[in-house]
1. Anything in the range 373-393 that is assigned to a strand (DSSP E or B), open to solvent by less than 40 Å² (accessible area, probe 1.4 Å) and more than 15 Å from Val69 (Cβ to Cβ)? List them, or say none.
2. Within the range 109-128, can you find the residues that are under 25 Å from Val174 (Cβ atoms) and open to solvent by 30 Å² or more (accessible area, probe 1.4 Å)?
3. I'd like to verify a number: residues in the range 176-191 that are assigned to a loop (DSSP other than H, G, I, E, B) and under 11 Å from Ala148 (Cα atoms), how many?
4. Would you check which residues across the range 156-168 are open to solvent by 10 Å² or more (accessible area, probe 1.4 Å) and either farther than 19 Å from Leu467 by Cα or touching a residue at least 40 places away in the same chain (Cβ under 8 Å) (or both) and list them?
5. Of all residues in the range 411-434, how many are basic (Lys, Arg), in a loop (DSSP other than H, G, I, E, B) and touching a residue at least 12 places away in the same chain (Cβ under 8 Å)?
6. Answer yes or no as to whether Thr370 is hydroxyl-bearing (Ser, Thr, Tyr) and loosely packed, with under 13 Cβ neighbours inside 10 Å.
7. Would you check which residues across the range 245-291 are β-branched (Val, Ile, Thr), open to solvent by less than 40 Å² (accessible area, probe 1.4 Å) and part of a loop (DSSP other than H, G, I, E, B) and list them?
8. Limited to the range 29-50, what total is found for residues that are open to solvent by 70 Å² or more (accessible area, probe 1.4 Å) and part of a loop (DSSP other than H, G, I, E, B)?
Amino acid sequence: MAMGTFLCVLLLCLLILLFLRQLWSQRHLPPGPLALPLVGTLWAYGISFREDYFRKPVKRYGNIYSMWVGPDLIVVLSGFKTVKEVMTSFPKEFSDRPDNAFITALGKKKGILLSSGHTWKQQRHIGITSLRKLGLGKKSIEHQIEDAAQTLVETFKKTKGQPFDPSIPVINAVINIICTLSFGHQFVPEDENVQKLIKKLEIIMKFSGSFFYVIFIMFPRLMNYLPGPHQDALASIEVINSFAKQEIEKHKESSCLHEPQDFIDHYLLQIEKSRYDTNSTYNEENLAQCIFDFFGAGTETTLVTLKWALLLLTNHPDIQEKVQKEIEDAFSSSVSISYQDRKKLPYTNAVIHEMQRFKSVFLVGGPRQTTKDVTVKGYHIPKKTMILPDLRSVLLDPEQWETPEEFNPNHFLDKDGKFIEREEFLLFGIGQRACVGEQLARIESFIFLTNLLRAFSFRLPEGVKELNEAPILNVIMHPHPYKLCAIPTKA
């Protein structure tokens, strides 16, 4: 009995010593709640996301604070001034991607989005140069986006003013832009492979912000043997990779390297040019992952942006009418609208930017990982710490925006009604890892929305007073499913 009591006291003393040692080792870290074994700080922050999940702790801990998921440290940067200052002061130190179990399964440390170091630099370079050569920012890709917008208009016309869900026609239009860039051709909406691709992307995105995601990254070895949505997500990754590899094989057989027509052609040509370079990371595995990245980053985000835009325009008919009047006054019905025409449409441009600010697609910015120990504003941040720049907090920063919690296009207009670029509009990230597809996303949003608003007035279905503006909480913030009526502006 005495021995049992002694052992209990000894164990308690050891636990107290471990606890004090942990407090001492963390004394120079950014502030945050006490990290407990296994659960880290999840006991304080919670596992389920809320809209203010990353903004609420700022009131207590300030604009730089710590979170722990199990043994892994996360440092969150909040607000425009802090995000800008820190991310621009440490561009190289904060340039890696984290490598938790799911991110590694998703990206395999290859491609553009989830790679680091030399691999990332080369893959980002081929991504940017290929998109430029394919006409991003020039007329060639714009014409294809205009064609897709016209197809979308024709699809909306078939609803004959009756209530419908715009999600399916919009995702079909968006995914075909990525198919054109990646493969050089489009698919019919009914194509089985494309519909499967859309479904698998949905499974991955839905899993990424779930409770099972947190459990999977905390206990990856255990979870590999257990059933659950993580297994569906892992299987979906393989399906998309297989789809990409099939397209690569088709391109190798047809071989257009002397005159590249799409991203795969450009990449295969780069592989050929670099075959004697021992430092080259240009290979088919990285090519397949780049294609995965284009679909993952370029479809869901644009889909959600357009869904929010249509919802907000329907809920705010006064703003919608002002946009339509501006378009009508600037262009005759026979003239097509190009991306360059945004300069003639300052109010329309302001509305598009404000919709993206007010209902930003991501709950938080893309995670980074420190490449070495750094000191930030007096705080010690160790090597391999995950850095989360909270871009949502930037877009809703009360120090930067007059009415951050309201849909207000005047945020992007001066006193004379001219459009103004805002430095605080960090929708696409900041620094070396800012979104590769930013220009494509901007062109798509502008051309799709101006064409739709030229052709239709969007109205609430009969008996509906307002569409729900609360998001479905996840890493990507979808609106709740809704229906609207697309009423042709001209008979």
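The values are calculated or read from the model by the stated rules, or taken from the named source; none is laboratory data. Just so it is clear, the structure is predicted and the values come from calculations on it, not from any experiment. So basically every Cβ, Gly included, is an ideal-geometry build from the backbone, and we count neighbours across all protein chains shown. Heavy atoms of the whole protein, side chains included, go into the accessibility calculation; ligands, DNA and RNA do not. Shrake-Rupley method; radii C 1.70, N 1.55, O 1.52, S 1.80 Å.
1. Result: Val374, Val376, Ile381, Pro389, Asp390.
2. Step one: filter the range 109-128 for residues under 25 Å from Val174 (Cβ atoms), giving 110-115, 123-124, 126-128.
Lys110, Leu113, Leu114, Arg124, Ile128 - these are the residues of the range 109-128 that are under 25 Å from Val174 (Cβ atoms) and open to solvent by 30 Å² or more (accessible area, probe 1.4 Å).
3. Filtering the range 176-191 for residues assigned to a loop (DSSP other than H, G, I, E, B) gives 184-191.
Going one step further and asking which of them are under 11 Å from Ala148 (Cα atoms), we end up with 186.
The total comes to 1.
4. Going through the range 156-168, the residues open to solvent by 10 Å² or more (accessible area, probe 1.4 Å) turn out to be 157-165, 167-168.
Of everything in the range 156-168, those that are open to solvent by 10 Å² or more (accessible area, probe 1.4 Å) and either farther than 19 Å from Leu467 by Cα or touching a residue at least 40 places away in the same chain (Cβ under 8 Å) (or both) turn out to be Lys157, Lys158, Thr159, Lys160, Gly161, Gln162, Pro163, Phe164, Asp165, Ser167.
5. Taking the range 411-434 first, the residues basic (Lys, Arg) are 415, 418, 422, 433.
Right, trim to in a loop (DSSP other than H, G, I, E, B) and you get 415, 418, 422.
Now drop any that are not touching a residue at least 12 places away in the same chain (Cβ under 8 Å), which leaves 418, 422.
The number of residues fulfilling the criteria is 2.
6. Answer is no for this residue.
7. Thr281
8. Residues meeting the conditions: 4.
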